[in-house]
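Engineer: Dropping a structure here in structure tokens format, bear with me for questions.
The values are calculated or read from the model by the stated rules, or taken from the named source; none is laboratory data. Note that the coordinates shown come from a computational prediction; the quantities given were computed from them, not determined experimentally. Cβ: placed from backbone, ideal geometry, glycine included. Neighbour counts: every protein chain shown.
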Number of protein chains: 4
Amino acid sequence: MYPDLRVGMVGYAFMGAAHSQAWRTVNHAFDLPLQARMSVVCGRSADQVAHAATRLGWAGHTTDWRSLVESDEIDLIDICTPGDTHAEIALAALAAGKHVLCEKPLANSVAEAREMAAAAAQAQSHGVRAMCGFNYRRVPAVALMRDLVARGRIGAIRHVRATYLQDWIVDPEFPLVWRLRKEIAGSGALGDIGAHIVDLTQFVTGQSITTVSALTETFVRSRPLPSESAGLAASANGTVLGDVTVDDAALFLARLDGGAVATYEATRFATGRKNALRVELNGALGSLAFDFERMNELEFYDATGPGAEQGFTRILVTEPDHPYVAAWWPPGHGLGYEHSFTHEVRDLIEDIAAGRDPAPSFADALQVQLVLDAVEQSAASGAWTDVETVLEPA
Amino acid sequence: MYPDLRVGMVGYAFMGAAHSQAWRTVNHAFDLPLQARMSVVCGRSADQVAHAATRLGWAGHTTDWRSLVESDEIDLIDICTPGDTHAEIALAALAAGKHVLCEKPLANSVAEAREMAAAAAQAQSHGVRAMCGFNYRRVPAVALMRDLVARGRIGAIRHVRATYLQDWIVDPEFPLVWRLRKEIAGSGALGDIGAHIVDLTQFVTGQSITTVSALTETFVRSRPLPSESAGLAASANGTVLGDVTVDDAALFLARLDGGAVATYEATRFATGRKNALRVELNGALGSLAFDFERMNELEFYDATGPGAEQGFTRILVTEPDHPYVAAWWPPGHGLGYEHSFTHEVRDLIEDIAAGRDPAPSFADALQVQLVLDAVEQSAASGAWTDVETVLEPA
Amino acid sequence: MYPDLRVGMVGYAFMGAAHSQAWRTVNHAFDLPLQARMSVVCGRSADQVAHAATRLGWAGHTTDWRSLVESDEIDLIDICTPGDTHAEIALAALAAGKHVLCEKPLANSVAEAREMAAAAAQAQSHGVRAMCGFNYRRVPAVALMRDLVARGRIGAIRHVRATYLQDWIVDPEFPLVWRLRKEIAGSGALGDIGAHIVDLTQFVTGQSITTVSALTETFVRSRPLPSESAGLAASANGTVLGDVTVDDAALFLARLDGGAVATYEATRFATGRKNALRVELNGALGSLAFDFERMNELEFYDATGPGAEQGFTRILVTEPDHPYVAAWWPPGHGLGYEHSFTHEVRDLIEDIAAGRDPAPSFADALQVQLVLDAVEQSAASGAWTDVETVLEPA
Amino acid sequence: MYPDLRVGMVGYAFMGAAHSQAWRTVNHAFDLPLQARMSVVCGRSADQVAHAATRLGWAGHTTDWRSLVESDEIDLIDICTPGDTHAEIALAALAAGKHVLCEKPLANSVAEAREMAAAAAQAQSHGVRAMCGFNYRRVPAVALMRDLVARGRIGAIRHVRATYLQDWIVDPEFPLVWRLRKEIAGSGALGDIGAHIVDLTQFVTGQSITTVSALTETFVRSRPLPSESAGLAASANGTVLGDVTVDDAALFLARLDGGAVATYEATRFATGRKNALRVELNGALGSLAFDFERMNELEFYDATGPGAEQGFTRILVTEPDHPYVAAWWPPGHGLGYEHSFTHEVRDLIEDIAAGRDPAPSFADALQVQLVLDAVEQSAASGAWTDVETVLEPA
């Protein structure tokens, strides 16, 4: 039998449910050197966290995250709370020698993210691992995209074109949930979904964004206060209005350090687009395109083949020779959103067992935060804004 | 706490793994009146079944299916073995008063299927439930397709066009696995995947196939004997050849009792098509099209809307108001193949708790078997062959 | 200056308009050894044909097709009338030493088609050329499909899957136009559009259909008599009904002489499908798929490439190295339906100038007619029906 | 018979060929109050223009554009030359009382464009008409897009997302053709294809771009000098290099006067994208998306319909109730690139006959030029740059 990896998870809403499914599944799909144990889930309300423990399958539950991170019965802290609490929990967990998996965005401010990255670097010297949960890196089609770029299949990259389009608050009567309040969420579409395309494009290209010109917009500036919410759904509470203090949409131009130019767009107002995380790369030798609405597909244009046969090849990324896929079903039997989390914790478990640093590191996530910060600065000033670099060139 | 539903599963290969994931997940995704327990898994090899129990997450294991079906510690038998053993196990389980979930095809012969349907009908009078595992019915897009037909949104159905295209044995060096041997598998593409499109089209249309004209073909008539296999993958064992005794492809025309005409095609030789289960229905008022390679989408043509705006609407079947979806993730976060099994056992659990007969019943599955039998007869005789009806009109 | 090719066209409805656009355009797009001249258009009504001459751009007009085919001022007769008149006109034209381009289907009966093929064979010995107008062969994507098959890129063909789906008479109030009357049209969907997919699949595969099992159906058996019609559009004339004497849909299974098995379906009742001529070929080394609704694209699966990069490649058949395309616009600037006719007359002009026999010959078209005849016989008898072969193996 | 509209065309390369096909076809497809006559084509080389007259179907030819614009035998001057000559020819033609159709971009500088717009406004008072050739407005799917927006079907527009992606100069050995030289072409991707998406989005939204933040990039800064070119194809002449003096790609963010935010990207370095002019609009009530690579389709999301049936509807814009389509072929028989020009001259002829001002006017085209100018200024300065408004609000 393999040694246990005892997990304590903080937060149990949308992200907590997704992570729970991952922890529950990972050792059944993959043969791993550690056995994940769903030990304790933590939340603020005793009643609700007890219910969540049952529903999500955790052995225990608590309302005291500080004792959880200090517990000798826990090896890893999985942080699934809103962004305003990430730093405090993560810093305490790292200080207590616990491995940390922290949902994105790493923090609500660069200052916090910087502190977290520093703590992670220090903890690393004691064999403690920290990872930020940019789960889309673990979609098989995205991992294949990264592989093809790394193998030079599209040559020098000229263009990056990234959008993350949703429409869940187009209705002006949709209430003022926490994701629309700056003090909790940090930012709006920018940090929630823009962070994903910043990380994803830096990951697949191997390049860093160096400078940005941005605009942000809040189309609906006040909304009814919410009565209750669950996941991204919520209902309004009568006619009392509150101010939306985050962006509904963020658009920016960018340059990357490998010479590519880029457009980015994150919005919650793209009517009919439910979760359209799309990335296209155009290189000197080919192109790659991904759309999460068809997450089991990758489009690849190979400009080096016979001319009359060239075109975008729709690769069904469901075959045993594709990343992560051999663990699952026969050819053509697609995976879903949740598998990205299962792959994430699979990689994390393997890295912990091997004594390797997982990616994306907190430093990677800080770098994303610095981009988001530059975007906000640029949107405010109207000027191109350079991104500070914390990462050494790969 | 809810009462337990203690499951004993026979077989632990591809289907066993898929069912295990479903049993493990179902009570975490859905709020259900019974709590599934993964009690015992059963297989022929003591070593392998012990390993499977660990890997797939079953509390116990055994090599004796007869004692399993008689055990007082088991409420439901889940049959995931090849088709030649379905009848014996299912009959014994029903006789022992156990609920039964039996993978498709129900049996390798009409005679067996008939006996099983009769046993299920008798068991039903004692409150024992039997269901056949045509999992594709539980893909949300397929369930939505059924809803739209039932609500009259496409009117009287004129055409059914169904294919199930795979390519996993195009290579003539692929070995002679059990699925290519008639004595174990019953038939080839016809029973393995053709059964799915027969059931699926009868389900979504609410119509039964009444007569068929068929051809079957075996393109590669001998293959190397296998050394080992896992799932649909396998490796060959040198140069000793054996005869392929099943069809590689089955094609047939059909008429349905509601007036539709149809084409069906099941093949393992459609190079590049990995799991292309496709169904299109054309009705007097609209059309519907589904392709499992894009399982989170349904195409709907509504001929009753404004003329200049008509077209096939690509419905992303990932929204809370779609069948099964509210239990999962936010809008646009797609599901995968395995979710069809989770939905299947969810419906089964609800039916058992409610004292309702689940669908598809063994009689439904016998009806599918009668179609397959008519197809084989027609392919042999060259004549149109009528399908015996066991089902009363809905 | 190049010598003239003086054309006399009989018929000026939908097909006449399409051919006129082709004759008008061909020498401007292509550099050809003969200069087409739109000399005379012929029709039954003096008023209407005069009007058509102006509208379609013909120098002269006549109501006397017999004098037209005998005229010394005419080199080629282009037959665009309904199928019941093809034989008489074509035979007279060939007898008069005129080249003939005859719209498909070649004739309404095998007997007529046989006579026409014999006459064409005899005329050939005098340097007179005859071609049947299966224009879809000249869509660049179809021509590319043919090239790829001929070059062995998909290997031995296992499966042919062909549909031609339209929906223009789904409405039961659509009137009884000539295309729905057997005495004029010969057959319904079978001859009108089924003929195209029979020719097209025989063309792209290089194989001939040897045997068929068919069903035909007429969903709406009586319709209002028409008041007037234009192209495929028409309006009804009150409540007087007449009998539909042709098929609304024809479905058949087939075997081809190279070992492939096939499904064919032609229908005018596929709601929402406007002109969905689709052909898919699955071979031992790859697959090809074409859909006329996206006529500038061809999908190609190459199973010989790197495994993890395989998929269906969407070739935009709009590049200079694709068949016919260099004559037109820059990369990516798509062509339309009418260009298939321009390419058809381009090839015909080049063949005439070179003293070559054009394809499809009348013998090719007779072979199509023999398939249609076998389909009708099979639909009537319920038995598999062999197709007589007039063509020698290629 | 209708009165003649005698056309003199200046320039006979790619655009000249496209316009010729339009003039040749328009009166045969549409019933119009004026009969276009292809009177004279004009070019610099006597030999080449004589050859072009034959090839493109013009009755006469000349090398003297000044006498052409003054000729009493000409009613309309069609300008198909590179942008550096537009102003001089157009001004002379308008002064001579000739109607003018001028290819886009209207001019190479704002100053020229302003002068042309002023001249057109003055000529208008004498019944002389001027139109700029933004042909993509006349693609049926684009015209339908405009109609749906104008009818309020997508509500208030939040997002505009426009790209025009080509790849014809990805190869660094592609020679330095005139389109890559600023003194002739004015700008690179920006003016050549960026102009189209600026005009198109302003047309379909009915909104004007008010401010931009831009970057431009030239990836390949020197190229071999060309030996000869035709259309967009060209061959290089050995190893002598020259400087590329235009942009290879232009990207910009924008705000529109109706409240929408936008991203724009025009590039010749999007490997595999041949002519991907794409526009997506997201509104409060729905969305619309168009891609010229599938020019016969329009995607429409209607957020006002039944929730579970919502999705992007792929409208095949090939039906008689769609703009321009009734003149052509039966349902589902798609059109090509050249039809946009035929529709353009059809609208121009109708406007001339009706004494109406055609759109896009020279003022509309000046407005596009002002946007392009602001983009270039912004790219140079790094600051957001406002666009001067010459158009009164609609």
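Engineer: If a residue must be more than 7 Å from every other protein chain (Cβ to nearest Cβ) and closer than 24 Å to D:Ala308 by Cβ, how many such residues does segment A:266-275 contain?
Structural biologist: Qualifying residue count, segment A:266-275: 2.
Engineer: Residues in segment B:26-55 that are buried (at least 23 other Cβ atoms within 10 Å of the Cβ) and either part of a loop (DSSP other than H, G, I, E, B) or within 11 Å of chain A (Cβ to nearest Cβ) (or both): how many?
Structural biologist: So the count comes out to 2.
Engineer: Going residue by residue through segment A:107-115, is there one that turns out to be more than 30 Å from A:Ala90 (Cα to Cα), touching a residue at least 40 places away in the same chain (Cβ under 8 Å), touching an Asp or Glu at 6+ places or on another chain (Cβ under 7 Å) and not hydroxyl-bearing (Ser, Thr, Tyr)?
Structural biologist: No; the residues of segment A:107-115 include none that is more than 30 Å from A:Ala90 (Cα to Cα), touching a residue at least 40 places away in the same chain (Cβ under 8 Å), touching an Asp or Glu at 6+ places or on another chain (Cβ under 7 Å) and not hydroxyl-bearing (Ser, Thr, Tyr).
Engineer: Could you identify the single residue in B:Thr245, B:Thr239 that is among the β-branched types (Val, Ile, Thr) and assigned to a loop (DSSP other than H, G, I, E, B)?
Structural biologist: B:Thr245
Engineer: Select from segment C:244-265 the residues that are more than 10 Å from chain B (Cβ to nearest Cβ) and buried (at least 24 other Cβ atoms within 10 Å of the Cβ) and list them in ascending order.
Structural biologist: C:Asp247, the sole residue that qualifies.
Engineer: Ok, one more. Identify, from the list A:Leu180, A:Leu148, the residue that is out of contact with any helix residue (DSSP H, G or I) (no Cβ under 9 Å at 6 or more places or on another chain) and more than 19 Å from A:Ala254 (Cα to Cα).
Structural biologist: A:Leu180
Engineer: For segment D:8-29, state whether one or more residues are farther than 21 Å from D:Arg129 by Cα, polar (S, T, N, Q) and within 19 Å of the chain's Cα centre (by Cα).
Structural biologist: The answer is yes; a qualifying residue exists.
Engineer: Would you kindly identify the helices (runs of 4 or more DSSP H) lying entirely within segment C:104-215 that contain at least 2 residues that are surrounded by 22 or more Cβ atoms within 10 Å (Cβ to Cβ) and under 19 Å from the mean Cα position of the chain (by Cα)?
Structural biologist: Passing ranges, in order: C:110-124, C:140-150, C:195-205.
Engineer: So which residues in segment A:375-394 are assigned to a helix (DSSP H, G or I) and exposed (fewer than 15 other Cβ atoms within 10 Å of the Cβ)?
Structural biologist: A:Ala380, A:Ser381
Engineer: With respect to D:Val220, determine if the residue is crowded, with 23+ Cβ neighbours inside 10 Å and among the hydrophobic types (A, V, I, L, M, F, W, C).
Structural biologist: Answer is no for this residue.
Engineer: Then there's this: I'd like to verify a number: residues in segment C:351-373 that are over 21 Å from C:Ala107 (Cα atoms) and crowded, with 20+ Cβ neighbours inside 10 Å, how many?
Structural biologist: 1
Engineer: Checking D:Ser67 against (1) within 13 Å of chain C (Cβ to nearest Cβ); (2) surrounded by fewer than 15 Cβ atoms within 10 Å (Cβ to Cβ); (3) in a helix (DSSP H, G or I), which test does it fail?
Structural biologist: (1)
Engineer: May I pose another question? Within segment C:156-189, how many residues are within 13 Å of C:Val220 (Cβ to Cβ), more than 10 Å from every other protein chain (Cβ to nearest Cβ) and not hydrophobic (A, V, I, L, M, F, W, C)?
Structural biologist: 3
Engineer: Among the residues of segment C:124-136, how many are without any contact (Cβ under 8 Å) to a residue 40 or more places away in the chain and touching a Lys or Arg at 6+ places or on another chain (Cβ under 8 Å)?
Structural biologist: 1
Engineer: Continuing with this model, one more query. Tell me, yes or no, whether segment D:254-269 has at least one residue that is of a type in the set (Phe, Trp, Tyr) and part of a loop (DSSP other than H, G, I, E, B).
Structural biologist: Yes, segment D:254-269 has at least one match.
Engineer: Being of a type outside the set (D, E, K, R) and in a helix (DSSP H, G or I) narrows it down to one residue among B:Trp23, B:Trp58; which is it?
Structural biologist: B:Trp23
Engineer: Quick one: which of C:Leu298, C:Leu285, C:Leu348 is in contact (Cβ under 8 Å) with a residue 60 or more places away in the chain, more than 10 Å from chain D (Cβ to nearest Cβ) and surrounded by fewer than 19 Cβ atoms within 10 Å (Cβ to Cβ)?
Structural biologist: Criteria check complete, one pass: C:Leu285.
Engineer: Let me ask you something else. When you check C:Arg138 against the structure, is it touching a Ser or Thr at 6+ places or on another chain (Cβ under 6 Å) and under 30 Å from C:Arg294 (Cα atoms), yes or no?
Structural biologist: yes
Engineer: Is it the case that some residue within segment D:296-312 is of a type outside the set (S, T, N, Q) and over 30 Å from B:Val317 (Cα atoms)?
Structural biologist: No: segment D:296-312 contains no residue that is of a type outside the set (S, T, N, Q) and over 30 Å from B:Val317 (Cα atoms).
Engineer: Answer with yes or no whether B:Asp84 is touching a helix residue (DSSP H, G or I) at 6+ places or on another chain (Cβ under 6 Å) and among the acidic types (Asp, Glu).
Structural biologist: The answer is yes for B:Asp84.
Engineer: Same structure again: Pick out the one residue from B:Leu366, B:Leu335, B:Leu372, B:Leu348 that is outside any helix (DSSP H, G or I), modelled with pLDDT of 95 or more and hydrophobic (A, V, I, L, M, F, W, C).
Structural biologist: Residue meeting the stated conditions: B:Leu335.
Engineer: State all residues of segment C:309-331 that are under 28 Å from B:Glu293 (Cα atoms) and at the interface with chain D (Cβ under 7 Å from one of its Cβ atoms); if no residue qualifies, say none.
Structural biologist: Listed by number, the residues that qualify are C:Leu316, C:Thr318.
Engineer: For segment B:23-49, how many residues are of a type in the set (A, V, I, L, M), in contact (Cβ under 8 Å) with a residue 40 or more places away in the chain and touching a Phe, Trp or Tyr at 6+ places or on another chain (Cβ under 8 Å)?
Structural biologist: Going through segment B:23-49 one residue at a time, the tally reaches 4.
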